[in-house]
Amino acid sequence: KELPTVLLIHQMNGHEGAWTILPLMRDFSVAYGRNSSWIFFCEEDTRIQVVKLLETLGRFDGSKEWFLGKALYDEESTIIHHYAFAENPTVFKFPDFAAGWALSIPLVNKLAKKLKSEPLKSDFTIDLKHEIALYIWQKGEGPHLTSVPEFCTDDVNSQKADHCATTFSNFLPLCGEPVKKEDIFVAVKTCQKFHGDRIPVVKQTWEREAALIEYYSDYADISIPTIDLGIPNTDRGHCGKTFAILERFLNHSSPRTPWLVIVDDDTLISIFRLRKLLSCYDPNEPVFLGERYGYGLGTGGYSYITGGGGMVFSRVAVQKLLASKCRCYSMDAPDDMVLGMCFSGLGIPITHSPLFHQARPMDYPKDYLSHQIPVSFHKHWNIDPVKVYFTWLAPNTEESLNEKKVGYNREDL
C-alpha cells in the first residue's frame, strides 16, 4: 500500500556507467532484494498509472525470474546490433525503454550474483536496450523478454491508451522560445572525394535551415565553398580535423554564437527541431549533447557522443575543453571517443538525447521510431537520403508527425 520508491539513475552511486543499468544490479539487490517484488525502469517522459501497473505486475508470480516489457525486434540484422541473429533477427525481442520494463527481484538477485563473480567485459555500449536483453538472456540460459500489452508508448490522450499501465509523451521537448537560427553555428566535416556526391544532398535538404554553416575539407573548393583547415584527410578518426574546427569556432566565429553543431557530410539533421530541443539547455553551462555511447564502462571507462548523429556543444563546453589541453593522441584517433575521454576527465557529463541517430531509419525497429520526433539520421548506404530527409526530418512533416505517424516504404528507404 505504500507509494513506490522512485530512484533517479543519474543520482545513483556516482558511477560514470550508471546509465547502462547493469552496474547498478548489486546496489538494487542489496537495497531491495529482501523487501520488494519488482524493479520497474522507465524514461523521464514515461507516464505511469501506478494502480494499473501494480495490477499488471500482479498477474506474474514475483517469486520467479521475469523480464517484462514492450517487445521490439529487428526486421533485418543491423550493424547497430553487430548483425546478431543474422539467420532470423526477428526471434530476439528487446524492450522499448519508453514503455517501461520490469525485472522481478529473483532475477535482479541472480544478475547481481553473476556480476559479482563475472564483472562486465570492457567494450562498447551502443544500444543499451538490446545489450541488456542479450545479457539477461545469457545465450538461452536466462529468461527471454515477456511481452506485456499494458506497457505502451501510445500518447496518454489516445483512445488506444485505455488499457495501458504506461504511456509516452510523443512530442519534442520545448522549454520556451526555440533557439534563434543565428545562435547555432553548423560545421560540416567533409573531404574532396565526397564534394561531388554528399555535399549536394546537404544543399538539397537541410542547409537552408542553417543560418551559419561552413564546410571543412582537405581542399578549398569555392563552388561549395569549403574551407581547407590544413589538416590532411584521414580514412578514419578525424580527430585532428574536429579539434581544428573547435579552435576555429572559438577564435573566428562571433563570441555571441552560443551553440556549435559538428556533423558529417552524410548526416541528415533537422536544425528546425534542434532549435526547439536546445531551448531546454543553458548555453552558459558546459553542454555536450547527442546520442550517447559508452566505452569500457564496466571497468571505469567513459561515455561519449557518437559523431555521425551530430555533436552539439555550448561555447562554454568548447572553452573548457580547449583550456584543458586534452587533445588527440593521433590525427586519425576517433574524434568522438577522444572528446568523451576529455569531457569525462573534466567532470563534464554527456547529455544523451535518443532523438539523434548514428544510423539510418531502416536500421531501427519501426515501433521504436513511431513515438519519436527525430532530430538526425546518418549514413547514405542503399537509401535515397533526400527522400529520408523529407520523410523524417523536414519542417513541413512536423504536423503530420504529431497527428499521424509517417508511414514509409522500407524498400524506398
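If you take just the strands (runs of 3 or more DSSP E) that sit entirely in region 207-323, which of them hold at least 2 residues that are free of Cβ contacts under 8 Å to residues at least 40 places away in the same chain?
Working: elements: 212-217, 226-228, 259-264, 267-269, 288-290, 292-295, 302-305, 311-314.
Where strands (runs of 3 or more DSSP E) fall fully within region 207-323 and carry at least 2 residues being free of Cβ contacts under 8 Å to residues at least 40 places away in the same chain, they are 212-217, 226-228.
Need the failing condition index for ASP74 against (1) in contact (Cβ under 8 Å) with a residue 60 or more places away in the chain; (2) farther than 18 Å from HIS357 by Cβ, just the number.
The one condition ASP74 does not meet is (2).
When you go through (1) in the same structural domain as GLN358 (by the TED database); (2) hydroxyl-bearing (Ser, Thr, Tyr); (3) under 30 Å from SER77 (Cα atoms) one by one for SER217, which number turns out not to apply?
Only one criterion in (1) in the same structural domain as GLN358 (by the TED database); (2) hydroxyl-bearing (Ser, Thr, Tyr); (3) under 30 Å from SER77 (Cα atoms) is unmet by SER217, namely (3).
Kindly evaluate ASP127 against the criterion of being more than 30 Å from SER217 (Cα to Cα) and open to solvent by 40 Å² or more (accessible area, probe 1.4 Å). Walk me through it before giving the result.
On the way: more than 30 Å from SER217 (Cα to Cα): yes; open to solvent by 40 Å² or more (accessible area, probe 1.4 Å): no.
The answer is no for ASP127.
Assess whether PRO200 counts as being surrounded by fewer than 18 Cβ atoms within 10 Å (Cβ to Cβ) and under 23 Å from the mean Cα position of the chain (by Cα). Spell out how you get there, then give the answer.
Numbers: surrounded by fewer than 18 Cβ atoms within 10 Å (Cβ to Cβ): yes; under 23 Å from the mean Cα position of the chain (by Cα): no.
No, not satisfied.
Check region 205-221 and report whether any residue there is open to solvent by 20 Å² or more (accessible area, probe 1.4 Å), polar (S, T, N, Q) and modelled with pLDDT of 95 or more. Lay out the reasoning, then the answer.
So the first thing to find is which residues in region 205-221 are open to solvent by 20 Å² or more (accessible area, probe 1.4 Å), and the list is 207-208, 211-214, 218-221.
Of the ones still in play, those that are also polar (S, T, N, Q) are none.
No, the conditions are met nowhere in region 205-221.
One residue is enough: does region 126-139 have a residue meeting the conditions among the hydroxyl-bearing types (Ser, Thr, Tyr), part of a helix (DSSP H, G or I) and touching a residue at least 24 places away in the same chain (Cβ under 8 Å)? Write out each step before concluding.
Step one: filter region 126-139 for residues among the hydroxyl-bearing types (Ser, Thr, Tyr), giving 135.
Narrowing the set further to residues that are part of a helix (DSSP H, G or I) leaves 135.
Filter once more, so that each one left must be touching a residue at least 24 places away in the same chain (Cβ under 8 Å): 135.
The answer is yes; a qualifying residue exists.
Step by step: first the residues of region 342-367, then only those that are open to solvent by less than 30 Å² (accessible area, probe 1.4 Å) and either part of a helix (DSSP H, G or I) or out of contact with any helix residue (DSSP H, G or I) (no Cβ under 9 Å at 6 or more places or on another chain) (or both), then the one that is farthest from ARG315 (Cα to Cα). Which residue is that?
Checked region 342-367; the qualifying residue farthest from ARG315 (Cα to Cα) is PRO365.
Hey, which of the strands (runs of 3 or more DSSP E) in region 1-100, taking only ones fully inside, have at least 1 residues that are among the aromatic types (Phe, Trp, Tyr)? Reasoning before the result, please.
Details: elements: 38-41, 46-48, 67-69.
Hits in region 1-100: 38-41, 67-69.
Does VAL338 satisfy the criteria of being assigned to a helix (DSSP H, G or I), in contact with a strand residue (DSSP E or B) (Cβ under 7 Å, 6 or more places away or on another chain) and either without any contact (Cβ under 8 Å) to a residue 24 or more places away in the chain or assigned by the TED database to the domain that holds LEU277 (or both)?
Working: assigned to a helix (DSSP H, G or I): yes; in contact with a strand residue (DSSP E or B) (Cβ under 7 Å, 6 or more places away or on another chain): no; either without any contact (Cβ under 8 Å) to a residue 24 or more places away in the chain or assigned by the TED database to the domain that holds LEU277 (or both): yes.
Here the answer is no, as VAL338 does not meet what is asked.
Restricting to region 63-92, name every residue that is surrounded by fewer than 19 Cβ atoms within 10 Å (Cβ to Cβ), more than 23 Å from LYS379 (Cβ to Cβ) and not hydrophobic (A, V, I, L, M, F, W, C).
SER63, LYS64, GLU65, GLU87, ASN88
Looking at region 287-335, which of the residues that are touching a Pro at 6+ places or on another chain (Cβ under 7 Å) and small (Gly, Ala, Ser) is farthest from PHE249 (Cα to Cα)?
GLY298
The values are calculated or read from the model by the stated rules, or taken from the named source; none is laboratory data. A quick note: this is a predicted structure, and the numbers were derived from the prediction, not measured. Heads up, the Cβs are rebuilt from the backbone with ideal geometry, glycines too, and the neighbour counts pull from every protein chain shown. Remember, those area values only see protein heavy atoms, side chains included, never the ligands or the DNA or RNA. Shrake-Rupley method; radii C 1.70, N 1.55, O 1.52, S 1.80 Å.
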